[in-house]
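Some notes on the structure that comes next.
The values are calculated or read from the model by the stated rules, or taken from the named source; none is laboratory data. The structure presented is a predicted model; accordingly, all values stated were derived computationally and were not measured. Cβ: placed from backbone, ideal geometry, glycine included. Neighbour counts: every protein chain shown.
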There are 2 protein chains.
Amino acid sequence: MKNYRMLVQYDGTRYNGWQKQGDTDNTIQEKLETILCRMTGTDQVDVHGAGRTDAGVHARGQVAQFRIDTELSTGDIRDYLNTYLPDDIGVLSVDVAAPRFHSRFNATQKTYLYRIGKDKSYHVFDRKYIYEYRGEPLDVAAMKMATIQLRGEHDFKSFCGNPRMRKSTVRKLFAIHIRENEHEIDIEFIGEGFLQYMVRILVGTLIEVGEGRRDPRSMDALLEARDRKLAGPTAPACGLTLMEVRYN
Amino acid sequence: MKNYRMLVQYDGTRYNGWQKQGDTDNTIQEKLETILCRMTGTDQVDVHGAGRTDAGVHARGQVAQFRIDTELSTGDIRDYLNTYLPDDIGVLSVDVAAPRFHSRFNATQKTYLYRIGKDKSYHVFDRKYIYEYRGEPLDVAAMKMATIQLRGEHDFKSFCGNPRMRKSTVRKLFAIHIRENEHEIDIEFIGEGFLQYMVRILVGTLIEVGEGRRDPRSMDALLEARDRKLAGPTAPACGLTLMEVRYN
């Protein structure tokens, strides 16, 4: 069996996220596996995504990997997948990967983008990919200040949405970039890896900073507390997109 | 009553076009008029669009005009509209217009963009705004050659979708620009005004040229024939967007 990697993008709006969750689910992973099973005439193909995006989260640069036996070229595999995939999932490329390559365990850097809209009338065409914020204007300078204490390697337990998480909650955040224009605020997170809901809880917390309800210099204390209840709410899924996954 | 003009954008996917067509319709014009009636507490407000886009056609720069009596500022009118409009219609601005300004009769230039997709996997996020062409690669050089004979002032009766059109079918096309990249072919039409379905019939005809089924030098003869049956099919509505309307 050869090992393949593929670059996938999807509009997550109508899916229960990336990862399979049972027999009656509706996930990106399941859609891809079903087509690869049909293509190879086998009962089981396991497709591993680099980032297990939650329900409603989008991807422009998801990397996934699978092992199959086939005579088809990588271009033919790609075309086969795109022929049978719905319009809201697209496989941009398929390549032969090193035999031991694993899309999740070997990933060294992931980039997520969270888009906050300031005026829905400007987002008619990408309204499904933006969280329209309806409050008073956010203090972006304060939000930027808060990111300083969040950068780097920390225990992000306060920002972990899984209360039963047994493994380490230490993660390394290489950078958080906040860009603002007239109509939206974009927050880009570049890290080694992310905990469940971590980006969205970070965004929910940064929005509270932007609202003046939370001190931008309180992030150190929040990290130290290791208590999810002390962080902000989980921002809506629709604003989040997995942009890129890198490997060494 | 003061005369107002507004800049409107909409995703036309789920509408029966711009123009009201009866009591039970679902049009952009009707949505805007209903809200303006509520805002002013009157029974009738007439909203005139510069371009009467067909069912399924989108707009990024529609200009519309209406006369109302109100104490509200233009910013308040805009905010009121956006509060009650669905997410797929947005009013970008409202301004006081000259008393005799008419959005359709005074328009001197309109720009339409038609997007032809070459690979749907690349258009997951704008799949509703592109016509995914599934045939063999189009000969874009031939399509460009065909546009030479189409430019200028002509009787476009062969490209008019309304068989009962009684008024002049002469129109002036200032320019047709065809741009191609790896994933799509964009055709921009800049003209004084357009007949019903004219842009889409021009696109359907240009696609036949790109398929090698029609001589790029046959456009003069097609214009002279003044016969809709001799032109190509009407390209799908979803690929078309009204981009800009200009006034002197």
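See the values below:
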| quantity | calculated |
| --- | --- |
| Qualifying residue in segment A:61-76 (condition: without any contact (Cβ under 8 Å) to a residue 60 or more places away in the chain and within 22 Å of the chain's Cα centre (by Cα)) | yes |
| Scope segment A:65-75; condition out of contact with any Asp or Glu (no Cβ under 7 Å at 6 or more places or on another chain) and away from chain B (no Cβ under 14 Å); matching residues | A:Gln65, A:Arg67, A:Ile68, A:Asp69, A:Thr70, A:Glu71, A:Leu72, A:Ser73 |
| Test: residue in segment B:112-132 that is touching a Gly at 6+ places or on another chain (Cβ under 8 Å), polar (S, T, N, Q) and either outside any strand (DSSP E or B) or under 26 Å from A:Gln9 (Cβ atoms) (or both) | yes |
| Within segment B:136-248, strands (runs of 3 or more DSSP E) holding 3 or more residues that are basic (Lys, Arg) | B:170-180 |
| Criterion violated by B:Asp79 - all others in (1) farther than 28 Å from B:Leu195 by Cβ; (2) in contact (Cβ under 8 Å) with a residue 24 or more places away in the chain satisfied | (2) |
| Residue within segment B:139-162 that is away from chain A (no Cβ under 12 Å) and closer than 30 Å to A:Arg60 by Cα present | yes |
| Some residue of segment B:63-81 being surrounded by 15 or more Cβ atoms within 10 Å (Cβ to Cβ), over 28 Å from B:Ile190 (Cα atoms) and of a type in the set (Phe, Trp, Tyr) | yes |
| Unmet criterion (only one of (1) within 19 Å of the chain's Cα centre (by Cα); (2) away from chain B (no Cβ under 14 Å); (3) under 26 Å from A:Val203 (Cα atoms)) for A:Asn106 | (3) |
| Residue in segment A:1-31 that is farthest from the chain's Cα centre (by Cα), counting only those that are under 19 Å from A:Phe101 (Cα atoms) and within 14 Å of chain B (Cβ to nearest Cβ) | A:Met6 |
| Matching entry among B:Tyr84, B:Tyr112, B:Tyr122 (being within 30 Å of A:Leu85 (Cβ to Cβ) and of a type in the set (Ser, Thr, Tyr)) | B:Tyr122 |
| Matching residues in segment B:109-139 - criterion: being at pLDDT 95 or above, in contact with a Lys or Arg (Cβ under 9 Å, 6 or more places away or on another chain) and surrounded by fewer than 17 Cβ atoms within 10 Å (Cβ to Cβ) | B:Gln109, B:Asp126, B:Pro137 |
| Residue within segment A:88-101 that is under 17 Å from the mean Cα position of the chain (by Cα), surrounded by 18 or more Cβ atoms within 10 Å (Cβ to Cβ), more than 14 Å from chain B (Cβ to nearest Cβ) and small (Gly, Ala, Ser) present | no |
| Leading residue by the ranking (farthest from the other protein chains (Cβ to nearest Cβ)) among those in segment B:32-51 that are closer than 23 Å to B:Ala107 by Cα and without any contact (Cβ under 8 Å) to a residue 40 or more places away in the chain | B:Asp46 |
| Pairs with Cβ under 7 Å, 6+ apart, first in segment B:128-146 and free of Cβ contacts under 8 Å to residues at least 60 places away in the same chain and under 21 Å from B:Thr241 (Cα atoms), second part of a loop (DSSP other than H, G, I, E, B) and among the β-branched types (Val, Ile, Thr) | none |
